[in-house]
Amino acid sequence: MVQLRYKAMAKINLGLDVLRRRPDGYHEVKMVMQTVGIYDVLTMCRLDSDEIRVTTDKEELPADESNLIYKAAKRMKETFGINGGVSVKLEKNIPIAAGMAGGSTDAAAAIFGMNELFELGLTMEQMQQVGVKIGADVPYCLMGGTALSEGIGEILTKLPDVPDAWLVIAKPDINVSTKFVYENLHANTLQYHPDIDGMVEAIRSQDLYGITDRMGNVLETVTVKAYPIIEEMKTFLKEQGAVNALMSGSGPTVFGIFDKEETAKAAYDAMCGAGFTKQVFFTGFTHETCVKEGTEE
Ligand code: ATP
């Protein structure tokens with residue numbers, strides 16, 4: 001039996017701006033997306049029956065039709081008339097409901113896996129067309145690396161890889177609903193907009209400090225106000241030597257960027273010992289997504 005294993009990478013937002021709320025309720029965004037070295041592992045194989053079977057190692061995660069892996073597999077089956085089912089075992093490492101696109105990256109890996117298991121030979125564009133129906137971040141997760149994301153998240157421009165740096169990422173022990181954050185954002189009257197164009201330029205010229213100087217996330221206006229611990233954790237990371245620190249996505253995860261490995265390691269230890277949360281990671285940027293780990297017969 002052919003078994004495929006994929007590492008599904010998490011993302012952070014180096015910059016996140018909301019340009020406006022459209023009359024239809026959607027928000028027009030301008031974001032710099034970046035994959036990082038925290039990942040889930042999906043092990044997939046074909047089933048003779050028509051079943052889509054999802055199992056996970058996290059009790060709090062639904063393994064039913066509401067799991068984004070299930071939704072992705074179902075849509076692939078319907079769109080391409082696939083006969084046969086699939087079993088997907090998920091090892092969850094990416095913090096859940098954290099602003100790190102954990103569900104979207106799992107959906108992206110499931111799309112890659114279905115393409116391969118059923119030998120569909122799809123292009124990236126075809127897979128992204130399926131992905132966007134699952135969620136606005138899925139097309140980016142299929143692509144990975146560094147990218148500018150516009151529109152409602154579906155207009156993607158691939159950017160050069162950012163210069164290497166070290167990251168400390170921590171998710172406070174609170175749950176933040178993305179819906180709550182967007183509903184409470186005063187998108188049309190924001191006082192401050194991060195300089196996303198300047199950040200893109202800095203990425204093109206490989207200027208790490210030009211990037212970190214322009215880090216900003218307008219969703220902090222809602223999430224940090226509701227949960228001050230986020231600001232405390234950002235301040236803590238900067239006190240430990242981070243060049244800059246920011247909340248990712250709608251939060252509550254925060255990350256600090258470090259230009260020296262030893263400083264980052266010490267900051268990681270300090271964050272682990274500070275009692276804010278148990279979910280602390282020491283990692284870096286990655287330049288790929290959904291890495292296939294191997295095929296077992
Ligand atoms: P984003 O950065 O795209 O807003 P997020 O990190 O905030 O994503 P997710 O971890 O993707 O949020 O999870 C959001 C919700 O989706 C969770 O409440 C969870 O129950 C549900 N969900 C469905 N499938 C998955 C999955 N495979 N992994 C994680 N969450 C999933």
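The values are calculated or read from the model by the stated rules, or taken from the named source; none is laboratory data. The model shown is predicted, which means the values in this text are computed figures rather than measured ones. Cβ sites come from the backbone with ideal geometry, for glycine too, and all protein chains shown count toward neighbours.
Quick rundown of the values:
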| item | result |
| --- | --- |
| Residue match in segment 26-47 (condition: over 30 Å from Pro160 (Cβ atoms), out of contact with any Leu (no Cβ under 7 Å at 6 or more places or on another chain) and outside any strand (DSSP E or B)) | no |
| Residues located in segment 79-111, provided they are out of contact with any Gly (no Cβ under 7 Å at 6 or more places or on another chain), buried (at least 21 other Cβ atoms within 10 Å of the Cβ) and of a type in the set (Val, Ile, Thr) | Val86, Val88, Thr105 |
| Tally, over segment 138-168, of residues that are over 20 Å from Met215 (Cα atoms), touching a Gly at 6+ places or on another chain (Cβ under 6 Å) and not β-branched (Val, Ile, Thr) | 2 |
| Residue match in segment 172-181 (condition: farther than 19 Å from Asp137 by Cα, touching a residue at least 60 places away in the same chain (Cβ under 8 Å), within 17 Å of the chain's Cα centre (by Cα) and not assigned by TED's automatic domain parsing to the domain that holds Ala98) | yes |
| Where Ile155 falls short, out of the listed (1) at pLDDT 95 or above; (2) away from the ligand (no atom under 15 Å from the Cβ) | (1) |
| Hey, Thr212 of a type in the set (S, T, N, Q) and under 29 Å from Glu262 (Cβ atoms) or not | yes |
| Selection count where residues are surrounded by 22 or more Cβ atoms within 10 Å (Cβ to Cβ) and away from the ligand (no atom under 12 Å from the Cβ), scope segment 67-78 | 1 |
| Residue ranges of helices (runs of 4 or more DSSP H) in segment 213-283 with at least 1 members within 16 Å of the ligand (Cβ to nearest atom), touching a residue at least 24 places away in the same chain (Cβ under 8 Å) and crowded, with 17+ Cβ neighbours inside 10 Å | 220-226, 229-239 |
| Number of the exception - Val29 against (1) surrounded by fewer than 17 Cβ atoms within 10 Å (Cβ to Cβ); (2) within 21 Å of the chain's Cα centre (by Cα); (3) among the β-branched types (Val, Ile, Thr) | (1) |
